[in-house]
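Only one structure is covered here, and it is reproduced in the block below.
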Amino acid sequence: MILAKRPDIERFLGSPDKTIRAALIYGRDMGVVRERANQLSKKVCDRPDDPFDVALLTDGDLDGDGARLEGELAAQSLMGGRRLVRLKFATEKTALDKMTAEALTRHAAGELNPDAFLLIEAGNLDRNSALRKAAEKAPGAATIPCYEDEPGDIARLVREALAKDGVGLTSEALQVFVGRMPKERGVARQEIERLALFLGPGSGMTATPRDLEDFLGVEPEASLSDAAADAFGGRLAEA
């Protein structure tokens, strides 16, 4: 099952289909991949931070131990409830790609522990990836590709995040702020949190472009490398 449209993705992340035993979340923007994986983990596992219920793996753990992933998927939860096996897959090794694909296929078909859930976070897998092909084909698996945020996505993210802190931006200020935002989701969230602190959580302030001048500070072409060079050179004002 491939989930590419935002409404379908949000519906699944909010209430995962009980027949789905595995999910592959992949894409160039690892901030979006990680955010969606965290959201899903909280829905498929009662205690997503409990080491007795969750196995955290990387592709490095599987390299040289071909049975590790299937062993974790076959294991039972020590505390009862649903077990989560979470794999961060960042390798381009063909052998590991095929091995992980085979484990996903078996688990999605219910051949291992049917009460376990396999959650894989990966980078930008191409169409030749055996793992991607297996996840897209298996009826018991969900595949969620993550693309870079468009300006409209970022604007929505900003509005929703600021609203939780009781602050906001005028439409003109929102346009200015979104135009200066990085595309990587994780960094963008940090900037939004910093803006909320600047405006004062709970203040009810709706900022205008003029209000953002001190926050935005430096010009867009300013360089962190230049700032670092000034700082190490003792030129603190310039930095």
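Return yes when VAL167 is β-branched (Val, Ile, Thr) and either on the phi > 0 side of the Ramachandran plot or modelled with pLDDT of 90 or more (or both) and no when it is not. Yes, satisfied.
In this structure, does PRO114 turn out to be at negative phi, touching a residue at least 60 places away in the same chain (Cβ under 8 Å) and open to solvent by less than 80 Å² (accessible area, probe 1.4 Å)? Yes. Within the span defined as the stretch 174-196, every residue fails to be more than 29 Å from ALA37 (Cα to Cα) and open to solvent by less than 50 Å² (accessible area, probe 1.4 Å).
Take VAL44 and tell me if it is closer than 24 Å to ASN128 by Cβ, touching a strand residue (DSSP E or B) at 6+ places or on another chain (Cβ under 6 Å), in contact (Cβ under 8 Å) with a residue 40 or more places away in the chain and not polar (S, T, N, Q).
Working: closer than 24 Å to ASN128 by Cβ: no; touching a strand residue (DSSP E or B) at 6+ places or on another chain (Cβ under 6 Å): yes; in contact (Cβ under 8 Å) with a residue 40 or more places away in the chain: yes; not polar (S, T, N, Q): yes.
No, not satisfied.
Looking at PHE215, PHE232, which one is at pLDDT 80 or above, of a type in the set (Phe, Trp, Tyr) and surrounded by 13 or more Cβ atoms within 10 Å (Cβ to Cβ)? Answer to the selection: PHE215. There is no residue in the stretch 31-48 that is more than 15 Å from GLU121 (Cβ to Cβ) and of a type in the set (Gly, Ala, Ser).
For the stretch 119-137, the criterion of a residue being modelled with pLDDT under 95, surrounded by fewer than 19 Cβ atoms within 10 Å (Cβ to Cβ), among the small types (Gly, Ala, Ser) and over 22 Å from LEU3 (Cβ atoms) is satisfied by no position. Comparison of GLU102, GLU184 shows that the only residue that is within 27 Å of GLY60 (Cβ to Cβ) and out of contact with any helix residue (DSSP H, G or I) (no Cβ under 6 Å at 6 or more places or on another chain) is GLU102. Kindly evaluate ALA163 against the criterion of being under 14 Å from LEU216 (Cα atoms) and within 25 Å of the chain's Cα centre (by Cα). When the stated conditions are applied, ALA163 does not pass them. Under the condition of being exposed (fewer than 15 other Cβ atoms within 10 Å of the Cβ) and either under 17 Å from the mean Cα position of the chain (by Cα) or modelled with pLDDT under 90 (or both), the residues counted in the stretch 138-159 number 6. Look at the stretch 170-196: where a residue is under 29 Å from TYR26 (Cα atoms) and touching a residue at least 60 places away in the same chain (Cβ under 8 Å) and a partner is open to solvent by less than 50 Å² (accessible area, probe 1.4 Å) and among the hydrophobic types (A, V, I, L, M, F, W, C), sitting 6+ places away or on another chain with Cβ atoms under 6 Å, you get ARG185/VAL32; ALA188/MET181.
The values are calculated or read from the model by the stated rules, or taken from the named source; none is laboratory data. Note that the structure is predicted; figures quoted are calculated from it, not measured. Every residue, glycine as well, gets a Cβ built from its backbone with ideal geometry; the counts of neighbours run over all protein chains shown. Surface accessibility is based on the protein's heavy atoms, side chains included, excluding ligands, DNA and RNA. Shrake-Rupley method; radii C 1.70, N 1.55, O 1.52, S 1.80 Å.
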